[in-house]
1. Considering the options V122, L287, M216, tell which one lies farthest towards the positive end of the dipole of the chain, charges being +1 on Lys and Arg and -1 on Asp and Glu at the Cβ, about the Cα centre.
2. Consider just the alpha-carbon atoms of the range 160-230 and return their Rg together with their Dmax, both in angstrom.
3. In debye, nearest 20, what is the charge dipole magnitude of the range 15-81 about its Cα centre with +1 on Lys and Arg Cβ and -1 on Asp and Glu Cβ, if you could check?
4. Can you grab the distance from the C-alpha centre of the range 227-278 to the C-alpha centre of the range 140-202, Å, no decimals?
5. Of the residues V132, V270, V204, which exhibits the maximal mean-square fluctuation in a Gaussian network model of the chain defined by a 10 Å Cα contact cut-off?
6. Given +1 on the Cβ of Lys and Arg, -1 on the Cβ of Asp and Glu, and no further charges, what dipole in debye does the chain carry about its Cα centre, rounded to the nearest 20?
7. Defining a contact as two alpha carbons under 8 Å apart and six or more residues distant in sequence, what relative contact order in percent does the chain show?
8. Where a ≥ b ≥ c are the square roots of the eigenvalues of the C-alpha gyration tensor, would you call the range 74-141 rounded, which needs a/c under 1.5, or, failing that, prolate if a/b is larger than b/c, or oblate?
Amino acid sequence: MTGPAIETQSLRRRFGDKLAVADLSLTVDPGEVFGFLGPNGAGKTTSLKMLLGLIAPTSGSGRLMGVPIGERRARERVGFLPEHFRFQDWLTGRELLQFHGRLFGMSGTALEQRIEALLARVDLLDAAHQRVSTYSKGMTQRVGLAQALLHSPRLVFLDEPTSGLDPIGRRLVRDIIRELKADGVTVFLNSHLLSEVEQTCDRVVFVKQGRIVREMRLGSEAHGLELELRLGAVSEEAAIALAAMGSGAREEQGRWRLRLEGEAQVADVVRMLVARGVAVYGVRSSLPTLEQLFLEVLGDEVRPG
Ligand SMILES: Nc1ncnc2c1ncn2[C@@H]1O[C@H](COP(=O)(O)OP(=O)(O)OP(=O)(O)O)[C@@H](O)[C@H]1O
Ligand SMILES: [Mg+2]
């Protein structure tokens, strides 16, 4: 496939007086894991429903893998985990997947094999004979994820996929997203949780009223490393030299922090400190958290309320 997996031009959606999505223009490349971030009510679910053709835009247009949104063909190769997955809960987990598989036009051994593989992948083999109505929140979410992946879609939309999941369930979802990425599947992830997307996404956008206010590529090449040092007494001269080696150098509760461009600089910093007679007790480098990045980029714009 050439061309973008998703592209939209000025999508807008009103509900009466309420402008849920003001002006959404975005492009997502094939194979990209794309995070669509924003606070509650930012228009994330509304945007996703427009992309899926579940609600019509008030104006604007878009394409999924080249096909105009709203057309049946645009949905055929797309998987979707809704925000509140609550389908036919009188069915057992296995029956629910059989039902959705047939809706996708699958049948026979191919469908049965796919279902068993997915039940195993989302850790529901033991509960496959149980009615979905007896499932816990996490189990319901996981059977929903299996449903979204049944027909091996090339583009998957996940609306708050880890809501209601415990840490093990969240890791399972993250691992599945990584596997999808390794297979070249495009993933569009809606979330209001920064920590959830920072571990999986290649790129994130931050939306307000369905308008993109910031865009960010993730990974160390993009934003460098956050270095934390536990040091003995630091002379004024050493402090000045330290500040010159990175950005945002500061001391907080006995720990020094600064932002470096990359790993090579960590060794430079330690060498410099030792040469100036500063005792180095601890060195820790980590990728800056998405929360740090957003606070740095958005600054005063991110006041609550
Ligand atoms: N069917 C509807 N009728 C009227 N207003 C709606 C409808 N759907 C959404 N809205 C409004 O549009 C705005 C955006 O809602 P949306 O569900 O897209 O937000 P969201 O970013 O997904 O939020 P959350 O993080 O809480 O899931 C909200 O103000 C909401 O009340
Ligand atoms: Mg939502």
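1. Result: V122, furthest along the dipole toward the positive end.
2. 14.0, 43
3. 240 debye
4. So the separation of the two Cα centres works out to 38 Å.
5. Between V132, V270, V204, it is V270 that shows the largest mean-square fluctuation.
6. 920 debye
7. Reported as a whole number, the value is 19 percent.
8. The shape class here is oblate.
Bear in mind that the values in this text are calculations on the coordinates, not laboratory data. None of these values were measured; they are calculated from a predicted model. Every residue, glycine among them, receives a Cβ derived from its backbone with ideal geometry; neighbour counts consider all protein chains shown.
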